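Below: one structure, written as structure tokens.
The values are calculated or read from the model by the stated rules, or taken from the named source; none is laboratory data. All of these numbers come straight from a predicted model, not from anything done at the bench. No Cβ is skipped: glycine too gets one built from the backbone with ideal geometry, and neighbour counts run over all protein chains shown.
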Amino acid sequence: MATGRANSVEVISERGRIIGLWESGMPTREIALTTGVSQRSVQRWIKRFEEEGSLHTKPRSGRLRVSTPVYDARILNAVEDQPLTSAVHHTRNLHLPCHPCTTRRRIHEANIQCYIPATKENLTQQQRECRLGFALQYLQADHSFWNHVIFTDEKYFSSVEARARHCWRRGNTRYHEENIQERARSGRVGVIFWVWMWAEGPGELVSLSGRFTGKEYVKVLEDVLLPTVRCMAIPHPHPIILVHDNSPVQTSNVVKKWLEQHP
């Protein structure tokens, strides 16, 4: 059955009105004048109704597909191999005889949609295993434990970062390895912010200027973290469990010495 306006409720109702007037004995000329439909159309639908008893438009062949099954398979294989590549690139790279819009339709037909890719750090297998082990180690920790944990980290915001903007993938596969865009470190102009957070939400946010060294980090811990954590989250003398990453700044000797002095 044809789709679209040809078989809409309004059109079918108008055709039914034509048949009703015809069955009441009204001539086709008067039916055309009454309904505003050409006499040829009135005669065609009366004939269709007499022969088939239907008022629906027959299916049409439509325009032939530009892409063949072979091209369709090549498109899907390319998307599976390079999900972070645009439809325009796939169309050109595969020398397809169609517009990129057609390539997108073929991808959509395979239930693959375009999303913003997840961005993650480029981790080694050992780093992945260590992170998983850390998560499993504290999986059963209760709320009373996490109320004493303070997470800290700094974030570098870059003014420019060239990367893929979209990712072709199936539903519920955002964090599959092939759909993740790993973020490489580079020396771009930007600004650094440092913040701490705990079980109840974010804490103090600080803008850092210049190079962030171990001495600068100790200054932040002494002047910002300790007083604000004691005031907002964990009052003295309750213990503070500080969690930060293993970057050279956090593992520097000056930071280790400060942590030893503040058990």
**Complete:** Taking the stretch 120-142 and keeping residues surrounded by 10 or more Cβ atoms within 10 Å (Cβ to Cβ), more than 18 Å from GLU177 (Cβ to Cβ) and of a type in the set (A, V, I, L, M) leaves ALA141
**Asked** Within the stretch 216-248, can you find the residues that are part of a loop (DSSP other than H, G, I, E, B) and either surrounded by fewer than 12 Cβ atoms within 10 Å (Cβ to Cβ) or in contact (Cβ under 8 Å) with a residue 40 or more places away in the chain (or both)?
**Response** ALA233, ILE234, PRO235, HIS236, PRO237, HIS238, PRO239, ILE240, HIS244, ASP245, ASN246, PRO248
**Request:** List the helices (runs of 4 or more DSSP H) that sit entirely inside the stretch 80-179 and contain at least 3 residues that are more than 29 Å from VAL66 (Cβ to Cβ) and assigned by TED's automatic domain parsing to the domain that holds ASP245.
**Result:** 125-137, 143-146
